[in-house]
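Trainee: Please find one structure pasted underneath; my questions will follow.
Derivation of every value follows stated rules applied to the coordinates shown; laboratory data play no part. Computed from a predicted model, the values in this text were never measured in an experiment. Every residue, glycine as well, gets a Cβ built from its backbone with ideal geometry; the counts of neighbours run over all protein chains shown.
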Amino acid sequence: MSISKVLVVDDSSADLLHLKKIIEDAGYITLTATSGQEAVEKARTQKPDAIFMDIIMQEMDGYQACRVLSKDAATKNIPIVFVTSKNQKADRVWAEMQGAKAFITKPASQDVILKELNALQ
């Protein structure tokens, strides 16, 4: 799978801009969303090749959004990587059960983000 377009989802503008800059600077087209609901809508309409998503957000959290996207025929094959401040083993296991392909703990370094992007290729 070749990745060219990435959806970045976070309700923190600082974290959103940080991730967006890392991914854009690596040459990817970057879309953004600030909630799980917006992420679901953008994934359905914009068809990103990968999604990097926070877990703790208002309206619809990352776990809920991941479940919706994983069950939707139009979006179920888009890999989701959680980028979150949650770092317990239970969080990682639950993320995997929701359909996430990877789990990155904040603060996320450029090396870790790019390593996960390359692993999805």
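Trainee: Under Stokes-Einstein, with the Kirkwood radius over Cα pairs standing in for Rh, what whole-number D in µm²/s applies to the chain at 25 °C and 0.890 mPa s?
Mentor: It comes out at roughly 178 µm²/s.
Trainee: Please list, in chain and number order, the residues 5+ apart from Met57 or on another chain whose amide H is under 5 Å from its amide H, with Hs placed from the backbone.
Mentor: Distant-sequence amide H within range of Met57: Gly62.
Trainee: Please list the non-local residues whose amide H lies under 5 Å from the amide H of Ile104, H modeled 1.01 Å from N, same-chain partners needing a gap of 5 or more.
Mentor: Those lying under 5 Å, H to H, from Ile104 are Phe82, Val83, Thr84.
Trainee: Using the Cα centre as the reference, give the magnitude of the dipole from point charges on the C-beta atoms of the stretch 64-109 (Lys, Arg: +1; Asp, Glu: -1; all else neutral), rounded to the nearest 20 debye.
Mentor: 60 debye
Trainee: Spelling out what I want: for every residue of the stretch 76-85, take phi, set θ = phi - 60°, compute 6.51 cos²θ - 1.76 cosθ + 1.60 (Karplus), and round to whole Hz; glycine and proline get x.
Mentor: 5, 9, 7, x, 10, 10, 7, 10, 8, 7
Trainee: Say we join alpha carbon atoms closer than 10 Å with springs in a Gaussian network model of the chain; which of Ala102, Ala73, Ala43 then has the biggest fluctuation?
Mentor: Ala73
Trainee: Could you tell me the center-to-center distance, by alpha carbons, between the stretch 1-45 and the stretch 80-121 in angstrom?
Mentor: Cα centroid to Cα centroid, the span is 14 Å.
Trainee: Okay, next question. Dipole of the chain, Cα-centred, from +1 at each Lys and Arg C-beta and -1 at each Asp and Glu C-beta, to the nearest 20 debye? Show your work: numbers first, answer last.
Mentor: Numbers: 15 positive and 16 negative charges, 73 e Å.
It works out to roughly 340 debye.
Trainee: Which length gain, in nm to one decimal place, applies between Asp25 and Lys71 when the Cα-Cα distance is subtracted from 0.36 nm times their residue separation?
Mentor: Details: separation 46, 0.36 × 46 = 16.56 nm, distance 3.15 nm.
That pair, Asp25 and Lys71, stretches by 13.4 nm at full extension.
Trainee: If you don't mind, there's one more thing I want to ask. Along the Cα→Cβ direction, 7 angstrom out, place labels at Ser85 and Met97. What is the inter-label distance in nm?
Mentor: Inter-label distance under the simple model: 2.4 nm.
Trainee: Lys5 to Leu17: extension gain in nm, 0.36 nm per residue of separation minus the Cα-Cα distance?
Mentor: Values: separation 12, 0.36 × 12 = 4.32 nm, distance 1.60 nm.
Fully extending the segment from Lys5 to Leu17 adds 2.7 nm.
Trainee: Separate question: Picking from Lys101, Lys89, Lys71, which is most flexible by a Gaussian network model of the chain using Cα springs under 10 Å?
Mentor: Lys89
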